[in-house]
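Here the structure is laid out as structure tokens; the discussion comes afterwards.
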Amino acid sequence: SRPVHVVGFLSDKYRIFSGSDDYSSNLWDIPRATKIISYSEHTDYVRCGCASKVNADVFITGSYDHTVKLFDARTKSSVMTIEHGHPVESVLLFPSGGLLVSAGGRYVKVWDVLKGGQLLVSLKNHHKTVTCLCLNSSGQRLLSGSLDRHVKIYSTTSYKVVHSFNYATSILSLALSPEDETIVVGMTNGVLNVKHRKPEEKNENSQKKRQPAYRTYVKGRTFMPKQEDFCVSKPVKRVLRKYDKLLRSFESSKALDAVLEPPIMLHTPEVTVAVMQELHRRGTLRSALAGRDEKQVNLLLTFVARRVIEPRFTPVLVIVADMITDIYHPVVGQSAVVDKQFLKLKEAIGKEIDYQEELLEVLGMMDTLFATFTKKKDTCSEENKSNGVTEIIETNRNY
């Protein structure tokens, strides 16, 4: 009864499924031109879907109600519901049918269908909404397009970004040719961009370039300029640290990860705190702290509990501790390791508060002592002045 945004063939080629803005997902029989079954389980627009290549009765739909549902044509209701957490823009099944990929918001999530929809990995490499997904012919590369004008290419073994393409405007659709030689992207400005892979040129007659002799490298090492020579110094190329490069590219989470490595945290904690302060200044500290697993939260809390009592770090780490507590308060009690670190942080702050109270008491005592010393000194100086005047008068009289 409303616009249809997604259709697809089941693997038997005789049935098709459709998803509409009327919240329904329908299954149709092509030879008889009739509706087989209608599912009305979504509570918002159905905007994406795909069919299994292994099972001819299974298809999947994604909706703006933040859910992905798996349907079996032999049943009258969905057999699995996955909560993505954001309006779902695209879904994708691996050729084996065991893994499902969903895209919505800034996240690309991979689910294990065989384990009842267990989340395997959540990828957050885009800065805006992810609109489309694509797999290469071998299934070893996963591509995602986003409104941030980037196409990210992930390795399906490690789920790390191995390549990225930058385009002029936001990306709405994406496709790969069967031979993986051409990538096609549709953008919001009405342009269809087509990129071809350059063929590899193999020159059998090319010989290995001869390397310079050792004397070439050491030549001039012992040369001393004369007095009349004019020396021109070579400009030194400035090499940025890893976290500086990530900050320049506005990758907040990765920049924080870079300074949480043990060598930096142990030997140069001021660098870690400086990056946290810069992220707070930019307003991205909360997003960089959020979305971390048990190991990363444990590492963060260990650093904060150890360094928050140092006066030079206290102003920044108090803000960090407050944000961590605010973000991960709902999961307290689910991990013994994280709970232990929260207790250590509480204990460290409690000891510091007690120490500060003792210092204030000592300062009060010292202020009292200093005030007493000042009064005694003023009294002694007045007595000395009065004695001096009397002696001078008596000396003058004797004279």
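The values are calculated or read from the model by the stated rules, or taken from the named source; none is laboratory data. Keep in mind the model is a prediction, meaning the values are calculated, not measured. We place every Cβ from the backbone using ideal geometry, glycine too, and count neighbours over all the protein chains shown. Surface areas here come from the heavy atoms of the whole protein model, side chains and all, with no ligands, DNA or RNA. Shrake-Rupley method; radii C 1.70, N 1.55, O 1.52, S 1.80 Å.
Quick notes on this one:
- Long-range amide H partners of GLY8 with built H, under 5 Å: PHE17
- For segment 242-353, the spread of Cα coordinates along the three principal axes comes to 36, 30, 25 Å, biggest extent given first.
- Spacing of the modelled spin labels on LEU192 and LYS128, each 7 Å from Cα toward Cβ, amounts to 2.2 nm.
- FRET E, pair LEU343, LEU240, Förster distance 41 Å, beta-carbon r, rounded to 0.05: 0.60
- Across segment 4-196, the convex hull enclosing all Cα atoms gives 121 Å³ per residue.
- Backbone geometry of segment 163-176 corresponds, through the Karplus equation with coefficients 6.51, -1.76 and 1.60 at θ = phi - 60°, to 3J(HN,Hα) couplings of 7, 8, 10, 10, 10, 6, 9, 5, 9, 10, 9, 7, 8, 10 Hz, x marking Gly and Pro.
- Taking the C-alpha atoms only, the angle from helix 314-328 to the longest principal axis of the chain is near 30 degrees.
- Apportionment of accessible area to carbon and sulfur, the chain, percent (1.4 Å): 55
- The calculated FRET efficiency for GLN211 paired with VAL232, based on their beta-carbon distance and R0 = 22 Å, is about 0.20.
- Principal-axis tilt of helix 269-282 within the chain, Cα atoms, nearest 10 degrees: 70
- Across segment 83-90, coupling constants 3J(HN,Hα) worked out from phi with the 6.51/-1.76/1.60 Karplus curve, θ = phi - 60°, read 8, 7, x, 9, x, 7, 9, 7 Hz, and Gly and Pro carry x.
- Amide H contacts under 5 Å for LEU174, placed H, 5+ residues apart: GLY186
- With all protein chains in place and ligands, DNA and RNA left out, the 1.4 Å accessible area ranks HIS42, HIS86 as HIS86, HIS42, largest first.
- Taking amide H as placed 1.01 Å from N in the peptide plane, LEU99 has its amide H under 5 Å from the amide H of PHE94, VAL113, each at least 5 places away in sequence or on another chain.
- Accessible-area rank, largest first, for ARG47, ARG106: ARG106, ARG47, with all protein chains present and a 1.4 angstrom probe.
- Taking all Cα pairs closer than 8 Å and separated by 6 or more residues, the relative contact order of the chain comes to 5 percent.
- Judged by the mean number of other Cβ atoms found within 10 Å, the most tightly packed of the peptides 143-153, 313-323 leads the ranking 143-153, 313-323.
- Rounded to whole Hz, the Karplus (6.51, -1.76, 1.60) HN-Hα couplings of segment 7-23, x for glycine and proline: 9, x, 7, 6, 5, 7, 6, 10, 10, 10, 10, 9, x, 10, 6, 8, 6
- Within segment 318-342: backbone nitrogen closer than 19 Å to the LEU360 label point (7 Å, Cα to C-beta): 318
- In the chain, the calculated helix contribution to ellipticity at 222 nm averages -11500 deg cm²/dmol per residue, counting -39,500 (n - 2.57) for every DSSP H run with n ≥ 4.
- Taking all protein chains as they are arranged and a probe of 1.4 Å, the heavy atoms of PHE370 leave approximately 110 Å² accessible to solvent.
- Exposure of TYR107 as accessible area (Å², to 10), given a probe of 1.4 Å and all protein chains: 60
- Per-residue SASA entry for VAL297, accessible area with 1.4 Å probe, Å² rounded to 10: 10
- Greater than 20 Å apart at Cα, pairs in LYS76/LYS115; LYS124/LYS254; LYS53/LYS124: LYS76/LYS115; LYS53/LYS124
- Distance between the pseudo-spin-label points of GLN296 and ASP322 (7 Å out from Cα toward the beta carbon): 2.3 nm.
- Semi-axis lengths (Å, descending) of the ellipsoid that matches the C-alpha gyration tensor of the chain: 66, 37, 18
- Angle between the chain longest axis and helix 294-307 axis [Cα atoms, degrees, rounded to 10]: 10
- FRET E, pair THR314, LYS76, Förster distance 45 Å, beta-carbon r, rounded to 0.05: 0.15
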